[in-house]
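Report on the structure given below.
Throughout, read-outs are computed from the coordinates displayed, never taken from laboratory work. These numbers come from a predicted model, not from an experiment. Here the Cβ positions follow ideal geometry from the backbone for every residue, glycine too, while neighbour counts run over all protein chains shown.
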Amino acid sequence: MKQINVAKDFTKFPSGRYMRSGNTSGEAFREKFLVPALRSRQEIEIDLDGVLGYGSSFLEEAFGGSVRATKVSPEEFFRVVHLKSSSATLVSEIRQYVKDAGRRLIHG
Amino acid sequence: MASPAHRYVRPSDFIVAPRIIGLHPSTCRDLIKFIRAIQQRVILEGEATTLDFSGTQKIYGPGALLLYAELDRAIALSGHHKPITIKAPQLSTPRQVMKQLEFPALCGDTLDVVPDRDDVVYWRCTRGADQSGEVPGTLISRVADRANEFAASSLRAEDVWRGVSEAIINTTEHAYSEETDRFSPHPSNRWWLLTNVKDGSFTAAVCDTGIGYKRTTLRTIPAEFRALARLIFKGENADTSAIRLAMEYGKSRTGLDERGKGSRDALSVLKRHGSGELAMISNKGQVYYKLEPGQEEPVVTTTNLPIDIRATLVWWHLPLSEGSQ
């Protein structure tokens, strides 16, 4: 399984929603790591520790946004993407974004 | 004949700064009038001026940040090669604060003082024009490290970052999305960030000079939610109710696309820290949240400012020595 460390492989300061507004954004992370993995169904483990913190816009655009971009179900998402974090709250929040995005795919 | 850009500034062309630089309802009128006089001279008339801070006695964070932002904007929009000169405060503390926040450097001046006071040396100010995390994140990280050197209880930088980074996103996504009907916004849609550690507390503030919550919420929040909020916040001024509307929308799960959570993230800083204060100021409205240790929800106070500050500020004040977890 491919290992991705957000702090080492992306940035220590995740911030922002869209790429047009900055290279540390959720969209940039999604396009660099999540979408390729989901499209190829190559399992990845994302280590979320070691960064300054995460805002809700970054998380929603990265994780919820990758469900919208690839149209995968939340179940399929978590078969491919494995989350590693010392914060259960953070993992739970990400799971919620993925579930919400999946629900909207179905219900419009 | 000298061109306007190189015209001599007469000694009488001074604009006198207020005694107190602050955004409290009792002090903000003087600061805003001072800022408007600068805008009139520098932006509209294209003239150079000298700002006389010699009588300034006290500088508070939110006022300092707004003044820094407006000087930055006036300099950017002026056609003059050196539109603003600063005559520094005579008193030691405000003199050191101005040097520490780099007001003289912003205006192309020097000031022969080395800040050494404990209540001054941790003031920091930075600025940016996009959502990239490096500049503001590095500042928050460093100041949080310093804060944790002093305090028995720790400041979690990730909690602060959540609020600050979302406030910056709100600025870059929304604050400059429409033309203002007054002075032009900063050419690069800029945000400004101030941090401080002082008297056992941590302060951070994010400022923009864009359109404000009232006009932003017209575009970002659905009409039916706005109509509901109008009933709930009936009697409050339009700016105050727009701030509260954004907070309520952020708290709700009715947002179809998960946006509008930035304002809620501002409040989450207090809840994650366990106590503290948050002030959201936009044009003529101010909403103040205070969370005491052990409380689940903050006490909310609204204030009508006596003058339109033509800017938006989000300000956090977190105790370090007691109340935090």
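See the values below:
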read-out: Residue mean of other protein chain beta carbons inside 10 Å, A:16-29; value: 5
read-out: Links that overshoot a 31 Å alpha carbon limit, given the list A:Lys99/B:Lys198; A:Lys8/B:Lys271; A:Lys2/B:Lys271; value: A:Lys99/B:Lys198; A:Lys2/B:Lys271
read-out: Cβ-based charge dipole, the protein assembly as shown, positive-most Cα from A:Phe78, B:Ser241, B:His273; value: B:Ser241
read-out: Computed [θ] at 222 nm, deg cm²/dmol, chain B (DSSP H ≥ 4; -39,500 (n - 2.57); rounded to nearest 500); value: -11000 deg cm²/dmol
read-out: Sites B:Ser54 and B:Arg117, calculated FRET efficiency, Cβ-Cβ separation with R0 22 Å, nearest 0.05; value: 0.70
read-out: By average C-beta atoms within 10 angstrom, highest first, the peptides B:64-73, A:67-76; value: B:64-73, A:67-76
read-out: Region B:1-111: radius of gyration over Cα atoms, expressed as a fraction of 2.2 N^0.38 Å; value: 1.01
read-out: Distance (nanometres) between label positions extended 7 Å along Cα→Cβ at A:Ala88 and A:Lys2; value: 3.1
read-out: Whole-number D in µm²/s for the protein assembly as shown (Stokes-Einstein; Kirkwood sum over Cα pairs; 10 °C, 1.306 mPa s); value: 70
read-out: Sites A:Arg104 and B:Glu297, calculated FRET efficiency, Cβ-Cβ separation with R0 30 Å, nearest 0.05; value: 0.55
read-out: Between 0 and 90°, nearest 10: helix A:88-107 axis offset from chain A longest Cα axis; value: 30
read-out: Förster radius 22 Å - calculated FRET efficiency between B:Ala105 and B:Gln40 (Cβ-Cβ, nearest 0.05); value: 0.35
read-out: Antiparallel %, DSSP beta bridges [both residues in the protein assembly as shown], to 5; value: 70
read-out: Long pairs among B:Lys99/B:Lys284; A:Lys12/B:Lys214; A:Lys84/B:Lys290; B:Lys234/B:Lys290, criterion Cα-Cα beyond 25 Å; value: B:Lys99/B:Lys284; A:Lys12/B:Lys214; A:Lys84/B:Lys290
read-out: Antiparallel bridge percentage (DSSP; both residues within chain B; nearest 5); value: 80
read-out: Per-residue mean of C-beta atoms belonging to partner chains within 10 Å, peptide A:3-14; value: 2
read-out: Inter-chain Cβ neighbour average for residues B:162-172, partner chain, 10 Å; value: 5
